[in-house]
Amino acid sequence: MTAAEKYVAGAYLVVFVVVLAYVLIIATKLARLEREVAELTELARERRVQEPERKAVALG
């Protein structure tokens with residue numbers, strides 16, 4: 001393996017590691033957002049059950 005081939009292999013390895021790190025970061029953010037959306041959905045359902053129906057009132 002020549003020096004040029006080693007540099008090319010090293011460059012591909014660096015790019016692969018960077019892309020993998022990016023994908024892992026995005027995956028963790030997506031999982032956190034999904035948890036937050038589920039929590040907000042549950043809070044909205046609880047609030048809807050606890051509060052009585054409200055009438056729409058025209059303003060102005």
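The values are calculated or read from the model by the stated rules, or taken from the named source; none is laboratory data. Because the structure is predicted, anything quoted here is derived from the model rather than measured. Backbone-built Cβ (ideal geometry, glycine too); neighbour counts: all protein chains shown. For accessibility, only protein heavy atoms count, side chains too; no ligands or nucleic acids. Shrake-Rupley method; radii C 1.70, N 1.55, O 1.52, S 1.80 Å.
Tell me, please, whether a residue that is open to solvent by 100 Å² or more (accessible area, probe 1.4 Å), outside any helix (DSSP H, G or I) and without any contact (Cβ under 8 Å) to a residue 24 or more places away in the chain can be found in the range 17-39. No, because not a single residue in the range 17-39 is open to solvent by 100 Å² or more (accessible area, probe 1.4 Å), outside any helix (DSSP H, G or I) and without any contact (Cβ under 8 Å) to a residue 24 or more places away in the chain.
Considering the range 1-13 alone, what residues qualify as being surrounded by 10 or more Cβ atoms within 10 Å (Cβ to Cβ) and either β-branched (Val, Ile, Thr) or touching a Cys at 6+ places or on another chain (Cβ under 8 Å) (or both)? Steps first, answer last, please.
Looking only at the range 1-13, we keep the residues that are surrounded by 10 or more Cβ atoms within 10 Å (Cβ to Cβ), and these are 6-13.
Within the range 1-13, Val8 is the sole residue that qualifies.
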